[in-house]
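What follows is a short report on a single structure.
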Amino acid sequence: MARDHGFHALRVREVVTETADAATFVLDIPDELRDLFRYQSGQFCTFRASVGGETLMRCYSMASAPEVDDELYVTVKRVPGGAVSNWMIDNLHAGDEVDVTAPAGVFTLQPDAHVVAFAGGSGITPVISVVKTALAATDRSVRLLYANRDRESVIFDDVLRALDDAHDRLELVHHLDAESGYLASDDITGYVDASGDSQYYVCGPTPFMDLVEGALLDAGVAADHIHLERFGANVPVPTTDVADGGAGGTGGDDAAEPHDAATDEITVTIEIGGKSETTTWHAGTTILQTGRQLGLSPPSSCESGSCATCMAKCTEGTVKMYVNDALTEDEVEEGWILTCQSIPTSPTVHVVYEDY
């Protein structure tokens, strides 16, 4: 069965100040939700908040690791224009309730490979979760390059120092811009494992991730060995050349190319919250954008194919996803799609947002 992606009210047990602009929120998971909120290191939850009269949803990764931490917690950093992150830091206190989805995501520890990780700023959150699990549950070597503006910006400084002291298998390097200048490609290539026995994990601001990914690819690292967690910016859906990803609906991968919108009329029906609307698809728009054009309010967050907030079920017809960094293969087989990355590939498509 597909995951429960509805929202559940969870109480904040504790708020821990990490730095001047970052805080950790420890969530109290009631007994009846413990199975639902079991997670793998590197996964995230989606938070829903009412900010300025508008309902907003954002994804935050667990900094905790199930193998070593008894509690589930996320760490949030204040950013310019960060409506939900800033609201959480300013307004969410111990004892308050917040709406949260069950854990999701595929930025998880891969089997039988050494770990090479790159984190920038608050991108350390899912990375430290993966690192803790690798050190606690495997005998693999772990190398971590953590880039920040200065020493005061380092999140989890004490935790990282303790892990470094406790594990000879961990190689921890801090890169501080104030001391060493901005990170460069040469700083990355020294981490490439010539044996090919490593998996690479990258999370941080978009320029940081682009730099690291590009340097790794240029150094010959296979693309399927590079794992990226992007929540910082929307990624537009390409208009040509379908990228690797999932196909949803009844046709699966047999429907790889969309119909010619100039000659074939494509009808899209979107059902949400008991309301159903139908329209003719406009070429170049995603299912999510089509829903908005219909005056509906489908859920969304990253709009980059990373978070699954916008997931819905294709119950009729087929679609093609340009990017899928959130749904499992089983979920795609069942017809689940990321509507922010999906376009129709059949004359009619019916999409249902369940549990919303």
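The values are calculated or read from the model by the stated rules, or taken from the named source; none is laboratory data. Here the structure is a predicted model, which is why all the values come from computation and not from measurement. Because the Cβ atoms are built from the backbone with ideal geometry, glycine has one as well, and the counts that use them run over all protein chains shown.
A few comments on the model shown:
- Test: residue in region 195-216 that is outside the structural domain of SER141 (by TED's automatic domain parsing) and modelled with pLDDT of 85 or more: no
- Any hit, region 316-327, residues being touching a residue at least 60 places away in the same chain (Cβ under 8 Å) and in contact with a His (Cβ under 6 Å, 6 or more places away or on another chain): yes
- Filtered residues of region 136-161 (kept if among the acidic types (Asp, Glu) and surrounded by 14 or more Cβ atoms within 10 Å (Cβ to Cβ)): ASP157
- Within region 301-329, being closer than 26 Å to GLU265 by Cβ and surrounded by fewer than 22 Cβ atoms within 10 Å (Cβ to Cβ) holds for LYS313, THR315, GLU316.
- Selected residue [surrounded by fewer than 18 Cβ atoms within 10 Å (Cβ to Cβ) and at pLDDT 95 or above] from GLY53, GLY81, GLY95: GLY95
- Qualifying residue in region 162-170 (condition: surrounded by fewer than 19 Cβ atoms within 10 Å (Cβ to Cβ) and either at positive phi or modelled with pLDDT under 95 (or both)): no
- Pair list, Cβ under 6 Å, 6 or more apart: region 27-46 residue at positive phi, other residue in a loop (DSSP other than H, G, I, E, B) and surrounded by fewer than 20 Cβ atoms within 10 Å (Cβ to Cβ): GLY42/THR108
- Qualifying residue in region 77-99 (condition: polar (S, T, N, Q) and within 23 Å of ARG34 (Cα to Cα)): no
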